[in-house]
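Read through the structure below, which is laid out as structure tokens, and then see the notes.
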Amino acid sequence: MKVAWAGSREAFQVSDRMAKLVANDPVFEKFSKPMLGRKELFKNTLRKAAYAWKLINDLRLTEEEAKWLRHYIDEPNYTDLHWEMFVPAIEGQGTKEQKKKWLPLAQTMQIIGTYAQTELGHGSNVQGLETTATFDRQTDEFVMHSPTLTSSKWWPGGMAKVATHAIVYARLIIDGLFHGVHGFIVQLRSLEDHSPLPGLTLGDIGMKFGHGTYNTMDNGVLRFDHVRIPRNQMLMRVSQVTKEGKYAQSDVPRQLLYGTMVSVRQTIVADASKALSRAVCIATRYSVVRRQFGSRNGGPETQVIDYKTQQSRLFPLLASAYAFRFVGEWLKSLYIDVKQRLEANDFSTLPETHACTAGLKALTTAATADGIEECRKLCGGHGYLISSGLPELFAFYVPACSYEGENVVMMLQVARFLVKTVSNLGYKQPVGTAAYLGRVTPLLQNNCAVQTAEDWLNPDAILEAFEARAARMVIGCGERLAMFENPEEGFAELSIDLVEASLAHCQLITVSVFIQKLNHEIPGNGVKRSLEVLCYVYALFLLHKHQGDFLATGYLTPKQASLANEQLRTLYSKVRPNAIAFVDSFNHMDHYLCSVLGRYDGNVYPKLYEAAWKDPLNDSDIVDGIQQYVQPILKQKLHYAKL
Ligand SMILES: CC/C=C\C/C=C\C/C=C\C/C=C\CC/C=C/C(=O)SCCNC(=O)CCNC(=O)[C@H](O)C(C)(C)COP(=O)(O)OP(=O)(O)OC[C@H]1O[C@@H](n2cnc3c(N)ncnc32)[C@H](O)[C@@H]1OP(=O)(O)O
Ligand SMILES: Cc1cc2nc3c(=O)[nH]c(=O)nc-3n(C[C@H](O)[C@H](O)[C@H](O)COP(=O)(O)OP(=O)(O)OC[C@H]3O[C@@H](n4cnc5c(N)ncnc54)[C@H](O)[C@@H]3O)c2cc1C
């Protein structure tokens, strides 16, 4: 199962080696993080990032190993933006010459970059950005400027204190004419003494949600006061500005300017399963240790994992972690394919890839954030302790619902793709993840054939149900949209239904990828049978949760919906015997989990007790403030004594 989770034996070995490397090195200790103030926390992160870079070089780690190393260090920092956004932006949007100049500097970290797109006034609406880049023909330069307060760049990670360079997104102006938003490579700091370059105002935007997690990152604010950069620092793969000031667009679609976001959204989907599996691992292990009620004849009480209600909350999350792992793996292969095509100037699969990355990013991050919080509740009161590992995990994870495309905004992008696909149905056969929309007639006409609960243990029955639900919702939106004279007005009016239809489409993708995975690549029959159970749990849980959609579209009868739920409950008892094996297969080490409740050895109570004594408040019996503020109250003569 560990191999099935990792994707291959080699992938397992690489991640396992890196997990152990981090866990066994005292530099990467992280239990004390919650006690550190912001400055110490930040410096500590800088120290770890520097040490990690030394390890990467000394041990000659591969790119894959370096990624895993950074992952297990488990502290957001400037290198995330450098490797995940700055470098890919140059790779995807730079010309050959620009790549030749900038990539070697970035890949050896002689420069450190960030991705400065979002502003105080605009994040989602990229075309609404206000920073300007005005071409000056006399000097062959662009003048970068922040004309308003709301044009201040706001959020870029690593920008406040570390990055020496940034890809800055700004409106291009030539001879007073706007040419849309483009990316520019801008140096922010001196490579000698690290001070901000003249004309730039740089700072940190302040503390964020949680304590020891995202506050390790220096998210920054940046303002330009007429800062000049050479013309050849505009990323020019998509459009070019000549030294005469001529603006030209190549055959490459403008959407490629958004390519870095497609790349990171793909990574975010792949990472969702890491965060969810971490929470599920903690909650499952603890649910086996924790006992409440049910003692008979003085025997042990019931393990809380044996309560049906606990199972009904926990096991769908366990199944979701596996579903997200497989859909992340699938999305990665789709992305690798589109990347190769883009390099060869084949842009045909970009719209579908954009819709998949946007939609799956929204689906997986929302479910993961909610899932982590549910796991916290599944651990009862102890889940609220920082030492459970769950509050900080939630604080770290929840911004994923907003960054890299706010989730609702992303689902609306999926809706645009679906509406377009439906309106082209007469002359263009949909392919890939939208292929089912090419079979609308049977999907709209045929109804579900299930008659018993066992009939739901059938991948074809499940797939058809999810396809019919999505197709009926999408087609329904398409028909209602057609009634509007102004399509944009219609889109806005129907946006709630469109977001629901997009979710149905994305859930269909996750379910069908899980089923495909079972059909092809599982090593060993025992593993395959166990994963089949999780696949059914995932699908039937979604069916139960969204049964309103399935019923309202008329595909299922209420009886068939309740048979699905009956089967789901039966499946929980099949998950139970393997629950610990399922979570051990994630191969999460105690260091990574950073949770007293999720310890591999189950030794929860002594370690909880021990952890409590490490709190600084327990350094002494009488702490600072008691004599000054508590003793006087105890010793005062009360005026209201008689009352
Ligand atoms: C430590 C972190 C822990 C875990 C994370 C794990 C891994 C991640 C690793 C590193 C990241 C680390 C930390 C995160 C840092 C965060 C960074 C950021 O947030 S960067 C900023 C991100 N900003 C956004 O995502 C903005 C969202 N907005 C948009 O993308 C666009 O404005 C929007 C698509 C909403 C609208 O575009 P617009 O051009 O205004 O309009 P329109 O809808 O008309 O689109 C035109 C046309 O283009 C198509 N399209 C849009 N986007 C894309 C795209 N990306 N690719 C391809 N095509 C695209 C769109 O569908 C439309 O097509 P049609 O004309 O309809 O055919
Ligand atoms: C931790 C973190 C790290 C970040 N790192 C970076 C970074 O490195 N670089 C960078 O450039 N940016 C970064 N960002 C910024 C991030 O990309 C934006 O916050 C994100 O894109 C969301 O945009 P917004 O803040 O403008 O949200 P808004 O768009 O203002 O969202 C507010 C609300 O409005 C709704 N809404 C907006 N538009 C529509 C619409 N058309 N229809 C319906 N509803 C709508 C949304 O659904 C949401 O509910 C980071 C953000 C965070 C939280």
Matching residues in the range 408-466 - criterion: being among the small types (G, A, S) and over 28 Å from P487 (Cα atoms) | A449, A453, A461, A465
Residues being exposed (fewer than 12 other Cβ atoms within 10 Å of the Cβ) and of a type in the set (D, E, K, R): count how many of those fall in the range 44-65.
-> 5
Name the residue, out of A362, A355, A323, A395, that is surrounded by fewer than 24 Cβ atoms within 10 Å (Cβ to Cβ), under 19 Å from the mean Cα position of the chain (by Cα) and of a type in the set (G, A, S).
-> A395
Filter the range 416-439 down to the residues that are of a type in the set (A, V, I, L, M, F, W, C) and under 12 Å from A355 (Cα atoms), then identify the one that is surrounded by the most Cβ atoms within 10 Å (Cβ to Cβ).
-> L418
If you go through the range 492-503 one residue at a time, how many are more than 16 Å from ligand 1 (Cβ to nearest atom) and under 19 Å from the mean Cα position of the chain (by Cα)?
-> 1
Within the range 87-96, the residues that are among the charged types (D, E, K, R) and within 10 Å of M236 (Cα to Cα) are K96
A careful count of residues in the range 206-225 that are in a strand (DSSP E or B), away from ligand 2 (no atom under 12 Å from the Cβ) and not hydrophobic (A, V, I, L, M, F, W, C) gives 1
Taking E84 as the residue in question, decide whether it is within 16 Å of ligand 1 (Cβ to nearest atom), within 25 Å of N407 (Cβ to Cβ), out of contact with any Asp or Glu (no Cβ under 9 Å at 6 or more places or on another chain) and outside the structural domain of L393 (by TED's automatic domain parsing).
-> yes
When residues of the range 365-392 are limited to those that are surrounded by fewer than 24 Cβ atoms within 10 Å (Cβ to Cβ) and within 30 Å of P430 (Cβ to Cβ), the one nearest to ligand 2 (Cβ to nearest atom) | A366
Quick one: which helices (runs of 4 or more DSSP H) sit completely within the range 7-84 and have at least 1 residues that are closer than 25 Å to Q187 by Cα and either among the acidic types (D, E) or in contact (Cβ under 8 Å) with a residue 24 or more places away in the chain (or both)?
-> 38-58, 78-81
Of the listed residues (G121, G203, G183, G158), the one being within 16 Å of ligand 2 (Cβ to nearest atom), in a strand (DSSP E or B) and farther than 24 Å from V241 by Cα is G203
Test result for D140, within 10 Å of ligand 1 (Cβ to nearest atom) and of a type in the set (D, E) | no
Return the pairs, sorted by first residue and then second, in which the second residue is hydroxyl-bearing (S, T, Y) and outside any helix (DSSP H, G or I), the first residue lies in the range 114-129 and is closer than 18 Å to I173 by Cα, the beta carbons are less than 9 Å apart, and the residues are 6+ apart or on different chains.
-> Q117/Y169; V126/T118; V126/Y169; L129/T118; L129/Y169
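Table: residues versus (1) small (G, A, S); (2) over 30 Å from A6 (Cβ atoms); (3) buried (at least 23 other Cβ atoms within 10 Å of the Cβ).
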{"position": "G203", "(1), (2), (3)": "yes, yes, no"}
{"position": "G206", "(1), (2), (3)": "yes, yes, no"}
{"position": "D225", "(1), (2), (3)": "no, yes, no"}
{"position": "I229", "(1), (2), (3)": "no, yes, no"}
{"position": "M236", "(1), (2), (3)": "no, yes, no"}
{"position": "Q255", "(1), (2), (3)": "no, yes, no"}
{"position": "K274", "(1), (2), (3)": "no, no, no"}
{"position": "I282", "(1), (2), (3)": "no, no, yes"}
{"position": "R290", "(1), (2), (3)": "no, no, no"}
Which members of the range 97-110 meet the condition of being farther than 15 Å from M234 by Cβ and surrounded by fewer than 18 Cβ atoms within 10 Å (Cβ to Cβ)?
-> K100, L103, P104, L105, Q107, T108, M109, Q110
What number of residues within the range 251-273 satisfy the criterion of being more than 16 Å from ligand 2 (Cβ to nearest atom) and farther than 14 Å from L331 by Cβ?
-> 6
Please work out which residue is surrounded by the fewest Cβ atoms within 10 Å (Cβ to Cβ), limiting yourself to the range 124-154 and to residues that are within 16 Å of ligand 2 (Cβ to nearest atom) and β-branched (V, I, T).
-> T148
Assess whether A163 counts as being modelled with pLDDT of 95 or more, within 16 Å of ligand 2 (Cβ to nearest atom) and assigned to a strand (DSSP E or B).
-> no
Could you tell me whether the range 208-225 includes any residue that is in contact with a strand residue (DSSP E or B) (Cβ under 6 Å, 6 or more places away or on another chain) and basic (K, R)?
-> yes
Scope the range 166-180; condition within 15 Å of ligand 2 (Cβ to nearest atom) and either among the aromatic types (F, W, Y) or in contact (Cβ under 8 Å) with a residue 60 or more places away in the chain (or both); matching residues | A166, I167, Y169
Here is a list of conditions, (1) more than 24 Å from the chain's Cα centre (by Cα); (2) buried (at least 16 other Cβ atoms within 10 Å of the Cβ); (3) more than 14 Å from S320 (Cβ to Cβ), and L551 meets all of them except one; can you say which number that is?
-> (2)
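Residues checked against (1) modelled with pLDDT of 95 or more; (2) within 13 Å of ligand 1 (Cβ to nearest atom); (3) of a type in the set (G, A, S); (4) in contact with a Phe, Trp or Tyr (Cβ under 6 Å, 6 or more places away or on another chain):
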{"site": "W102", "(1), (2), (3), (4)": "yes, no, no, no"}
{"site": "Q107", "(1), (2), (3), (4)": "yes, no, no, no"}
{"site": "Q110", "(1), (2), (3), (4)": "yes, no, no, no"}
{"site": "Q117", "(1), (2), (3), (4)": "yes, yes, no, yes"}
{"site": "H122", "(1), (2), (3), (4)": "yes, yes, no, no"}
{"site": "Q127", "(1), (2), (3), (4)": "yes, yes, no, no"}
{"site": "I174", "(1), (2), (3), (4)": "yes, no, no, yes"}
{"site": "R189", "(1), (2), (3), (4)": "yes, no, no, no"}
Mind counting the residues in the range 421-444 that are within 14 Å of ligand 1 (Cβ to nearest atom), of a type outside the set (S, T, N, Q) and touching a residue at least 12 places away in the same chain (Cβ under 8 Å)?
-> 2
Please specify each residue of the range 263-295 satisfying the condition of being of a type in the set (D, E, K, R), assigned to a helix (DSSP H, G or I) and more than 9 Å from ligand 1 (Cβ to nearest atom).
-> R278, R285
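For (1) surrounded by fewer than 22 Cβ atoms within 10 Å (Cβ to Cβ); (2) hydrophobic (A, V, I, L, M, F, W, C); (3) under 19 Å from G359 (Cβ atoms), each residue gets a yes or a no:
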site: I462; (1), (2), (3): no, yes, no
site: C477; (1), (2), (3): no, yes, yes
site: L518; (1), (2), (3): yes, yes, no
site: P523; (1), (2), (3): yes, no, no
In the range 393-421, which residues are more than 14 Å from ligand 2 (Cβ to nearest atom) and of a type outside the set (V, I, T)?
-> L393, F417, L418, K420
If you check G548 against the conditions, is it of a type outside the set (A, V, I, L, M, F, W, C) and touching a helix residue (DSSP H, G or I) at 6+ places or on another chain (Cβ under 7 Å)?
-> no
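The values are calculated or read from the model by the stated rules, or taken from the named source; none is laboratory data. Just so you know, these numbers come straight off a predicted model, no measurement behind them. All Cβ positions, even for glycine, are placed from backbone atoms using ideal geometry, and neighbour counts span all protein chains on display.
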